[in-house]
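S.K.: Input: one structure, supplied below.
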Amino acid sequence: MTDPLQDPSFFADPYPTYARLRDAAPVRKVPTGSGGRHSYLVTGYAEAREAFTDPRLSKDTGRFFAGRPSQRDLHPAVSRNMLATDPPQHARLRALVTKAFTTGAVERMRPYVAGLVDELLDAWPDHGPVDLVESLAVPLPVTVICEMLGVPESDRRLVRTWSSDLFAAGDPRRIDAASHAIAGYLTDLVAARRASPGESLLDDLIAVRDGQDRLTEDELVSLAVLLLVAGHETTTNFIGNAALALLRHPEALARLRAEPQCLGSALDELLRFDPPVGIATFRYSTEAFTLGGTVIPEGVPVLIAPGAANRDPARFPAPDRLDLDRAAAGHLAFGHGIHRCLGAPLARAEAELALRSVLLRFPDARLAVPPEQLPWRHTRLTRGLTSLPLIV
């Protein structure tokens, strides 16, 4: 059996594949890449929710790969970040950055985000073609997180390129090179901020490192890399996927144009319908156990698929229908448990403000190409468009 998650049709529309795999078994062994390697894929909602909180599934990839030969050259700041840790180390690291992404902190940022959305949309033409991904979904979140971390404006285009390269599926050398470039840049930025402190989130982390000794220097750089990359990559996908879902469902689009105040409550259904993360980051079993009727051996990779779980009809009836009245708050687009996406409140605010402004300022916007011609990123981890051309 070939890897079902690498078929070209999977990237354009993964949901038929997810449904077929889930119907066969909500947890099943699947081939991963080449060389006879296998993983266990979790596609059922109940099973995915359970797996997200099962302590027998470890995120400590350093422990898993210890002593194994590798052809890769990922920088440790990328390969051993907070996402690749277990308690208590994970709790210590997460606590240091949580306050920057609380609901209250995000509310204080909304005026800045709204102003940035207006600035980006002011550059759109009154008539003609525009790429929503290139001109809104990418620059908005990358500018916000760069602003939070104190990345100079002159460097942001480079940072954006490196971050995109980190998700270049099928090109390990490009990914490895990007990991060293972005880690090296942030190492230099930490040194620059030490010499000339400011009031950014990165300055706060440096103070924790230097004053309270609660971070090692490697952990400081690793946290900065994670915040920079995770702080915008998935939000870009979120905005693009949600915009496309609305453009392909005229009734929902018309409703939100007439009642834009309902957009905030509609975000959960948009996240459920086409989430920005198809398969969560790597986990492995520390002991043998049974999940969803399948025995998972000790020491094997386990992939949890929010994209599949969010379309499980056992949890969400008629899951392939976009229904803005659905009670979709239980979706797993941001994960679940201790590793739930830290930046979820910020991502929601950015998506809400961006989509509302597009709906109100460009009421006649429509797709410039047939949906089947839209280009999708060729990675099973994230789910997102490389461009979304519109006629406005």
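S.K.: Please pick out the residue among LEU132, LEU201, LEU121 that is modelled with pLDDT of 95 or more, at negative phi and in contact with a Leu (Cβ under 6 Å, 6 or more places away or on another chain).
M.R.: Of the residues listed, the single one that is modelled with pLDDT of 95 or more, at negative phi and in contact with a Leu (Cβ under 6 Å, 6 or more places away or on another chain) is LEU132.
S.K.: I'm checking my understanding of the structure. Among residues of segment 224-244 that are of a type in the set (Gly, Ala, Ser) and under 13 Å from ALA344 (Cα atoms), which one is surrounded by the most Cβ atoms within 10 Å (Cβ to Cβ)?
M.R.: GLY231
S.K.: Moving to a separate point now. For segment 270-277, does any single residue satisfy the condition of being modelled with pLDDT of 95 or more, touching a Leu at 6+ places or on another chain (Cβ under 8 Å), within 14 Å of THR234 (Cα to Cα) and of a type in the set (Phe, Trp, Tyr)?
M.R.: The answer is no; no qualifying residue exists.
S.K.: When you scan segment 232-250, do you find a residue that is under 24 Å from PRO317 (Cβ atoms), assigned to a helix (DSSP H, G or I) and either in contact with a Cys (Cβ under 9 Å, 6 or more places away or on another chain) or without any contact (Cβ under 8 Å) to a residue 12 or more places away in the chain (or both), even just one?
M.R.: Within segment 232-250, one or more residues are under 24 Å from PRO317 (Cβ atoms), assigned to a helix (DSSP H, G or I) and either in contact with a Cys (Cβ under 9 Å, 6 or more places away or on another chain) or without any contact (Cβ under 8 Å) to a residue 12 or more places away in the chain (or both).
S.K.: Follow-up. For segment 75-104, what are the residues that are hydrophobic (A, V, I, L, M, F, W, C) and in contact (Cβ under 8 Å) with a residue 40 or more places away in the chain?
M.R.: If the condition is that a residue be hydrophobic (A, V, I, L, M, F, W, C) and in contact (Cβ under 8 Å) with a residue 40 or more places away in the chain, then ALA77, VAL78, MET82, LEU83, ALA84, ALA91, LEU93, LEU96, VAL97, ALA100, PHE101 are the ones that fit.
S.K.: Follow-up question, since we're still on this one. Counting only residues that are of a type in the set (Val, Ile, Thr) and surrounded by fewer than 18 Cβ atoms within 10 Å (Cβ to Cβ), which one in segment 95-121 is nearest to LEU355 (Cα to Cα)?
M.R.: Among those residues, the one meeting the criterion is THR103.
S.K.: Next up: Within segment 145-185, which residues are touching a Gly at 6+ places or on another chain (Cβ under 9 Å), farther than 12 Å from VAL229 by Cα and part of a helix (DSSP H, G or I)?
M.R.: MET148
S.K.: Just give me the residues in segment 191-213 being over 20 Å from GLU147 (Cα atoms), of a type in the set (D, E, K, R) and either exposed (fewer than 15 other Cβ atoms within 10 Å of the Cβ) or touching a Cys at 6+ places or on another chain (Cβ under 6 Å) (or both), in sequence order.
M.R.: The answer is ASP210, ASP213.
S.K.: Pairs needed: first member in segment 285-313, under 21 Å from ARG383 (Cα atoms); second member anywhere, β-branched (Val, Ile, Thr) and in a strand (DSSP E or B); C-beta distance under 7 Å; at least 6 residues apart or different chains.
M.R.: VAL302/VAL42; VAL302/ILE296; LEU303/VAL42; ILE304/VAL42; ALA305/VAL42; PRO306/VAL277
S.K.: Among the residues of segment 195-211, are any among the polar types (S, T, N, Q), closer than 22 Å to ALA347 by Cα and assigned to a helix (DSSP H, G or I)?
M.R.: no
S.K.: Among ARG63, ARG56, which is the only one that is touching a Phe, Trp or Tyr at 6+ places or on another chain (Cβ under 6 Å) and among the basic types (Lys, Arg)?
M.R.: Residue meeting the stated conditions: ARG56.
S.K.: Related question: So which residues in segment 122-143 are assigned to a helix (DSSP H, G or I), surrounded by fewer than 20 Cβ atoms within 10 Å (Cβ to Cβ) and either touching a helix residue (DSSP H, G or I) at 6+ places or on another chain (Cβ under 8 Å) or touching a residue at least 40 places away in the same chain (Cβ under 8 Å) (or both)?
M.R.: GLU134, SER135
S.K.: Would you be able to tell me the number of residues in segment 327-376 that are of a type in the set (D, E, K, R) and either buried (at least 18 other Cβ atoms within 10 Å of the Cβ) or in contact with a strand residue (DSSP E or B) (Cβ under 7 Å, 6 or more places away or on another chain) (or both)?
M.R.: 5
S.K.: Follow-up question, since we're still on this one. I'd like to verify a number: residues in segment 267-305 that are in a strand (DSSP E or B), of a type in the set (A, V, I, L, M) and more than 20 Å from the chain's Cα centre (by Cα), how many?
M.R.: 3
S.K.: Return the residues of segment 98-121 that are hydroxyl-bearing (Ser, Thr, Tyr) and either in a helix (DSSP H, G or I) or under 15 Å from LEU136 (Cα atoms) (or both); say none if nothing qualifies.
M.R.: Answer for segment 98-121, where residues must be hydroxyl-bearing (Ser, Thr, Tyr) and either in a helix (DSSP H, G or I) or under 15 Å from LEU136 (Cα atoms) (or both): THR98, THR103, TYR112.
S.K.: Sticking with this one: Look at LEU74 and say whether it is surrounded by 13 or more Cβ atoms within 10 Å (Cβ to Cβ), at pLDDT below 90 and over 18 Å from ASP204 (Cα atoms).
M.R.: It is true that LEU74 is surrounded by 13 or more Cβ atoms within 10 Å (Cβ to Cβ), at pLDDT below 90 and over 18 Å from ASP204 (Cα atoms).
S.K.: Report, by residue number, each residue of segment 2-25 that is out of contact with any Ser or Thr (no Cβ under 9 Å at 6 or more places or on another chain), touching a residue at least 60 places away in the same chain (Cβ under 8 Å) and hydroxyl-bearing (Ser, Thr, Tyr).
M.R.: TYR15
S.K.: Still on this structure: Closer than 16 Å to ALA84 by Cβ, at pLDDT 90 or above and either among the small types (Gly, Ala, Ser) or out of contact with any Pro (no Cβ under 7 Å at 6 or more places or on another chain) (or both), is that true of LEU227?
M.R.: So LEU227 passes the test.
S.K.: A further question on this structure: Counting only residues that are assigned to a strand (DSSP E or B) and of a type outside the set (A, V, I, L, M), which one in segment 350-392 is nearest to ASP165 (Cα to Cα)?
M.R.: Only one residue tops the list, namely THR382.
S.K.: Just to be sure before I move on: is ARG20 at pLDDT 85 or above, over 21 Å from PRO317 (Cβ atoms), of a type in the set (Lys, Arg) and surrounded by fewer than 18 Cβ atoms within 10 Å (Cβ to Cβ) in the structure I sent?
M.R.: No.
The values are calculated or read from the model by the stated rules, or taken from the named source; none is laboratory data. As the structure is a prediction and not an experimental result, all values here were calculated from the model. With ideal geometry, Cβ positions are generated from the backbone for all residues, glycine too; neighbour counts draw on all protein chains shown.
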